[in-house]
Amino acid sequence: MPIPNIFLDTNIIADCVVPLRRAKYACSYELVQKVEKGQFKAWSVDYALSETLGILKGEKEERIGTKDISRETLSAYDVTQMVSVIDEFRKTNNFEVFAPEHIPQAEIFDKVKSICVQATDALVLLSVLHLKKKLPNIVLVTRDDKLLVRGKKLVSTAHPIDFLPSCPTKCDSKSICRHRK
Amino acid sequence: MFAFEMFQSINNASVDAPQKLRMITRVFGTPYSELASLAKEIMKAISYPQPIKWEYVTDSTTGLRVLKSEKSPDALDNVCQMSNELFK
């Protein structure tokens, strides 16, 4: 039986690399652990890694209280550390980052217009559509409720919990999550 | 203090260019420059390894262009350790 192919949205990768999010959205991390064990083959795009690096920088700035200061505040050492975290995530077994074919900006505009998602989500969706040509059964995994519903018009979508028998016991948002099981 | 005095001396209009050059050259032979090079060595020692260069290769099974990366069974554990350290 072939291994199921899944596409990891930025929020799933960010949930794995930011400690607070790892505790708050434990299902994302548990799913990626399954990827590492070979139960799934996971894909993403370099754009999602760039977005994750942006999230890491934002979280770090918030942590040290410099989020609203409009000048360079993070040290080169901090930034190198963050890049190393992303580089290390890329080494996860059964996880590949692919380069989609050129996506014209007009297509992004068209997707935002037709399915009413953020431009960044449209870019992700168009990348998944590109991957779908090679892997017809690809499933976009995201925690973004709007993308879960609206993206379904173009590709199969799923929440990380859909791949787990039940919520992780140590999940901080278990009591408030609408996807809990 | 030393740097301030040095700055003043070098900017003194009565000092000609070759003399200024000699003064600057003298400073770079002092313990101050030694300290600076030592600090650089320490920084290098505690710094993280250079980020991996992004390079694409063609995946033989799908024909897709994928980012080249050496896989590691400890990758996720390392991610946790490194990010915990970053946010501690």
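One residue alone among A:V112, A:V117, A:V83, A:V79 is over 23 Å from B:L64 (Cα atoms) and in a loop (DSSP other than H, G, I, E, B), and that residue is A:V117. Please specify each residue of region A:127-161 satisfying the condition of being exposed (fewer than 15 other Cβ atoms within 10 Å of the Cβ) and of a type outside the set (K, R). Those that are exposed (fewer than 15 other Cβ atoms within 10 Å of the Cβ) and of a type outside the set (K, R): A:P136, A:N137, A:D145, A:V149. Candidates in region A:68-97 are the residues that are among the polar types (S, T, N, Q), within 7 Å of another protein chain (Cβ to nearest Cβ) and in contact (Cβ under 8 Å) with a residue 12 or more places away in the chain; of these, the one that is surrounded by the fewest Cβ atoms within 10 Å (Cβ to Cβ) is A:N93. Among the residues making up region A:99-132, those that are in contact (Cβ under 8 Å) with a residue 24 or more places away in the chain and under 14 Å from the mean Cα position of the chain (by Cα) are A:T120, A:D121, A:L123, A:V124, A:L125, A:S127, A:V128. The number of residues in region B:66-77 being crowded, with 18+ Cβ neighbours inside 10 Å and either more than 7 Å from chain A (Cβ to nearest Cβ) or polar (S, T, N, Q) (or both) comes to 1. Restricting region A:98-109 to residues that are among the hydrophobic types (A, V, I, L, M, F, W, C) and either outside any helix (DSSP H, G or I) or within 12 Å of chain B (Cβ to nearest Cβ) (or both) leaves a set whose member that is farthest from A:L135 (Cα to Cα) is A:I103.
If you check A:P100, A:P168, which single one turns out to be surrounded by 15 or more Cβ atoms within 10 Å (Cβ to Cβ), touching a Ser or Thr at 6+ places or on another chain (Cβ under 9 Å) and not aromatic (F, W, Y)? Being surrounded by 15 or more Cβ atoms within 10 Å (Cβ to Cβ), touching a Ser or Thr at 6+ places or on another chain (Cβ under 9 Å) and not aromatic (F, W, Y) holds for just one of A:P100, A:P168, which is A:P100.
FYI, it's all coordinate maths here, none of it is from the lab. Not measured: the values here are computed from a predicted model. With ideal geometry, Cβ positions are generated from the backbone for all residues, glycine too; neighbour counts draw on all protein chains shown.
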